[in-house]
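**Student:** Starting off with a structure, shown below.
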Number of protein chains: 2
Amino acid sequence: MPQETSATDTAPRELWYPEREDITIYGILAALSDPTRLEIVRALAQHEERCPFDFLDITSKQNLTHHFKVLREAGLIKSRYEGRKKFVWLRRDPIDEMFPGLLDGILGAVK
Amino acid sequence: MPQETSATDTAPRELWYPEREDITIYGILAALSDPTRLEIVRALAQHEERCPFDFLDITSKQNLTHHFKVLREAGLIKSRYEGRKKFVWLRRDPIDEMFPGLLDGILGAVK
DNA sequence: TCTTTAGTACAAGATGTATTGTACTATCTC
DNA sequence: GAGATAGTACAATACATCTTGTACTAAAGA
């Protein structure tokens, strides 16, 4: 199981991301098999960056945090903090390199 | 939940399959997010028809039965019985029509 | 400093899934 | 019919996942 950065770390709110070679097609498919997460990823594919709570119309705060964590641990997204806002974007490069055509196939399959 | 044909039915060993419109991209992605099932589907994509127990090197009998049931209920496969053997094949047509590029994207992503 | 907003942590409950063991049916061959 | 083979059914366990409630931190603005 991936370890979050502990409270003793210097940098606050730093998140763990899987290395390129730890991203699996199984993790990606599982992450995208949830309607909420597929909708989020579809939005990220169009908007460059989004804030997690732009999606509060879909589900609750805590649940969004959960789903963004799943997407992050699957290697699908990265994020940065700016003040109290968080900006999230798709990690297209490693995924398109390791699994060419996968993301396009999934995102293109639904109009 | 899908109902299997009961023991009182005339035709023996008939299985339930989802209608075209009941196939979802979420179900497909979830079904293919398992290593065993993705390997099975990759083999089916190359071999036209296969018997479930051609995959006994991967996992147990009962587990294969389980995984083939998941694939069937997701709408990914169809099967027929011939004597005591079962032959399974990919349901490419409805999937390629409803989700064009999806299966190719997933199966093409892994060499 | 106080309040508000963005976001996280954690626990809990409900549900789903993967796997195995045991027992069973169905078909073929002898 | 007897035995072997292909396959299923069901229960049980272990584990993962989704969702919500409660409580918390971190930053912005007044």
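The values are calculated or read from the model by the stated rules, or taken from the named source; none is laboratory data. What you see is a predicted model; the values in this text were computed from it and never measured. In this analysis, Cβ positions are derived from the backbone assuming ideal geometry, glycine residues included, and neighbour counts consider all displayed protein chains. Note: areas computed on protein heavy atoms with side chains; ligands, DNA, RNA excluded. Shrake-Rupley method; radii C 1.70, N 1.55, O 1.52, S 1.80 Å.
**Student:** Just the Cα atoms of the range A:20-109: what Rg and Dmax do they give in Å?
**Tutor:** Expressed in Å, the Cα Rg and Dmax of the range A:20-109 come to 12.5, 36.
**Student:** Would you mind giving the mean number of other chain beta-carbons within 10 Å of the Cβ of each residue in A:47-53, as a whole number?
**Tutor:** That works out to 0 on average.
**Student:** Grab the other residues whose beta carbon is less than 12 angstrom from that of A:Asp93, score K and R as +1, D and E as -1, and report the net. Walk me through the numbers before you get to the answer.
**Tutor:** Working: positive: A:Arg20, A:Lys78, A:Arg91, A:Arg92; negative: A:Asp96, A:Glu97.
Spelling it out: positives minus negatives among the neighbours equals +2.
**Student:** Could you put B:Val70, A:Val110 in order of accessible surface area, largest first, with the 1.4 Å probe and the full protein assembly present? Show your work: numbers first, answer last.
**Tutor:** On the way: B:Val70 40, A:Val110 20 Å².
In descending accessible area the options line up as B:Val70, A:Val110.
**Student:** Could I ask something else about it? Quick check for you: with a 1.4 Å probe and neighbouring chains kept, what is the accessible area per residue of chain A, in Å²?
**Tutor:** Result: 57 Å² per residue.
**Student:** Would you mind working out the magnitude of the charge dipole of chain A relative to its Cα centre, with +1 at each Lys and Arg C-beta and -1 at each Asp and Glu C-beta, to the nearest 20 Debye? Don't skip to the end; give the middle numbers.
**Tutor:** On the way: 16 positive and 18 negative charges, 85 e Å.
Taking the Cα centre of chain A as origin, the dipole is about 420 debye.
**Student:** Could you pull the accessible area for B:Asp22 with a 1.4 Å probe, rounded to 10 Å²?
**Tutor:** 100
**Student:** A further question on this structure: Taking 0.36 nm per residue of sequence separation and subtracting the Cα-Cα distance, how much length would be gained by fully extending the chain between A:Asp54 and A:His66, in nm to one decimal?
**Tutor:** 2.8 nm
**Student:** Something else: How far apart are the B:Gln62 label points across copies, placing each 7 Å from Cα toward Cβ, in nm, shortest first?
**Tutor:** Inter-copy label distances (nm, one decimal, shortest first): 3.6.
**Student:** How shielded is A:22-28 by partner chains, expressed as the average number of their Cβ atoms within 10 Å of its Cβ atoms? Can you show the working numbers first?
**Tutor:** Values: counts 0, 0, 2, 7, 6, 1, 4.
Whole-number average of other-chain Cβ neighbours for A:22-28 is 3.
**Student:** With +1 assigned to the C-beta of every Lys and Arg and -1 to the C-beta of every Asp and Glu, and no other charges, what is the dipole magnitude of the protein assembly as shown about the Cα centre in debye, to the nearest 20?
**Tutor:** 260
**Student:** As a check on your reading of the symmetry: which chain A residue has its Cβ nearest the axis that brings A onto B, and how far is it in Å?
**Tutor:** A:Gly105, 1
**Student:** Also: Under 23 Å between alpha carbons: how many lysine pairs meet that in chain A, if sequence neighbours fewer than 8 apart on the same chain are excluded?
**Tutor:** Final tally of qualifying lysine pairs is 8.
**Student:** Same structure, new question: With every protein chain present, what accessible area does A:Trp89 have (1.4 Å probe, heavy atoms only), rounded to the nearest 10 Å²?
**Tutor:** Roll a 1.4 Å probe over it and A:Trp89 shows about 80 Å².
**Student:** Between copies, how far does the label point of A:Asp96 sit from its twins, in nm, shortest first, when each point is 7 Å from Cα along Cα→Cβ?
**Tutor:** Inter-copy label distances (nm, one decimal, shortest first): 2.6.
**Student:** Compute, for A:Tyr81, the solvent-accessible surface of its heavy atoms (probe 1.4 Å) with the complete set of protein chains present, and express it in square angstrom to the nearest 10.
**Tutor:** Around 80 Å² of this residue is reachable by solvent.
**Student:** Nm distances between the label at B:Gly83 and the same-position labels in the remaining copies, 7 Å along Cα→Cβ, shortest first?
**Tutor:** Result for B:Gly83, in nm, nearest copy first: 7.5.
**Student:** Here is a further query. Along Cα→Cβ, 7 Å out, is where each label goes; now give me the distance between the ones at B:Gln46 and B:Tyr81 in nm to one decimal.
**Tutor:** 3.0
**Student:** Take the alpha carbon atoms of the range B:10-59, find their center, do the same for the range A:55-72, and report the distance between the two centers in whole angstrom.
**Tutor:** Cα centres, the range B:10-59 to the range A:55-72: 31 Å.
**Student:** Between beta-carbons, use under 14 Å as the cut-off and find the net charge around A:Thr36, counting Lys and Arg +1, Asp and Glu -1. Walk me through the intermediate numbers first.
**Tutor:** Details: positive: A:Arg37, A:Arg42, A:Arg50, A:Lys61, A:Lys69; negative: A:Asp34, A:Glu39, A:Asp54, A:Asp57.
Its environment carries a net charge of +1.
**Student:** Hey, another quick one. How far is it, in nm, from the label point at A:Asp104 to the one at B:Asp93 when both lie 7 Å from their Cα along the line to the Cβ?
**Tutor:** Taking the two extended label points, one gets 2.9 nm.
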